[in-house]
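Here is the structure we will look at.
What follows draws every value from the coordinates through simple rules; no lab data is involved. All figures in this text were calculated on a predicted structure; none of them were measured in a lab. Cβ: placed from backbone, ideal geometry, glycine included. Neighbour counts: every protein chain shown.
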Amino acid sequence: MLMTRSAGCLIAGLVLASSCEVKTAETADSAVSVSTFTYKRAGGLEIKADVHRLDDKEVRSVVVWIHGGALIMGGRNPIGRYGKRLVEEGLIVVSIDYRLAPETRLPFIIEDLEDAFKWVRTKGPDLFQADPDRIGVWGGSAGGYLALTSGFRVQPPPRVLVSMFGYGDLIGDWYSKPSQHARHQQIKMTESEARLQVHGPPIANAADRDGNGGAFYQFCRQHGIWPSEVSGWDPNDEPEKFHPYMAVKNVSGNYPPTFLIHGTDDTDVPYEQSVMMAEQLKKHGIEHRFVTIPNAEHGFGGGDPALVEEAIRASIAFTKAHLSRD
């Protein structure tokens, strides 16, 4: 049975929340509530988060869930089966929107990331019984990139990170040279047609864009221009401008424990991206696990389902262990 109710959720200060809608769904074991908040306003744009939690008043640890989509596509909903499993394990899952490229450039996207964690930490205890000292993060693809970025940009950093087929590098050949992979050749447009897809005002959820962000992404990959389109910088002439936003350049002894999962046959985000991150984590003595899924494409397609399941179970256990430590 699905019930809905609404409540006013006013938050004082710079970060404001609008009225929030709360949905409560009965599951086999217990009820799960989903509440939508505005965690930030950028000009007239509301940037929202969905809070998924067991429908009780117990103070619980939090996982910030970050969607993928090459920083161009996607939105906070749905969280998928992995996010739902985190909720079933007793964690609060906060799935965030963030401003999308190219209408918004990279520094402001990272600003949203930082502000989302700040909101969870400062407002979460009152709004949804979050433990402000026990916050982790999960993300896949570009969400994995943002999860890894939170490890050095968010202060204090999350306690634990999980990156699924993510990346810590923004300027390698894989992104700054034309892709020949079939997955990036599915839509063909002229430059004027492609740019028309993303010519509107800033958005924080692809559902609010009039054009086809996926088509624009395809154009970027076909021409090797993704780094410049999301940032406004030339990766060949100005690589140093990207460095403050690249986890592979910013791992230190203070970086959080990290769990990496990646398929060997990924043609969207190369497997080597997680190899590079694992090398940096090892170099700096950071507790980490790196699970390889042989023959798996982006999103684990083509991989052995049993190995994927084993990896997800291990990453959940890794997350809970680090969130429960004193």
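The set of residues in the range 287-306 that are free of Cβ contacts under 8 Å to residues at least 40 places away in the same chain, under 20 Å from GLY143 (Cβ atoms) and surrounded by 15 or more Cβ atoms within 10 Å (Cβ to Cβ) comprises HIS288, ARG289, PHE290, VAL291, THR292, ILE293, ALA296, GLU297. If you go through the range 236-279 and keep only what is touching a Lys or Arg at 6+ places or on another chain (Cβ under 9 Å) and farther than 30 Å from PRO305 by Cβ, you end up with PHE242, HIS243, PRO244, TYR245, ASN250, VAL251. For beta carbons closer than 8 Å, sequence separation of 6+ or different chains, a first residue in the range 218-231 that is under 19 Å from HIS243 (Cα atoms) and a second that is among the acidic types (Asp, Glu), the qualifying pairs are SER228/ASP234. If you check GLN280, GLN273 for being in contact with a Gly (Cβ under 8 Å, 6 or more places away or on another chain), in a helix (DSSP H, G or I) and either free of Cβ contacts under 8 Å to residues at least 24 places away in the same chain or within 15 Å of SER176 (Cα to Cα) (or both), only one passes: GLN273.
In the range 272-282, is there at least one residue being closer than 22 Å to TYR245 by Cβ and either small (Gly, Ala, Ser) or touching a Cys at 6+ places or on another chain (Cβ under 6 Å) (or both)? Yes, the range 272-282 contains a residue that is closer than 22 Å to TYR245 by Cβ and either small (Gly, Ala, Ser) or touching a Cys at 6+ places or on another chain (Cβ under 6 Å) (or both). Among all residues of the range 161-173, there is at least one that is closer than 16 Å to ALA70 by Cβ, among the β-branched types (Val, Ile, Thr) and in contact (Cβ under 8 Å) with a residue 40 or more places away in the chain. Considering the range 204-235, and only residues there that are touching an Asp or Glu at 6+ places or on another chain (Cβ under 6 Å) and assigned to a loop (DSSP other than H, G, I, E, B), the residue that is farthest from ALA116 (Cα to Cα) turns out to be ASN205.
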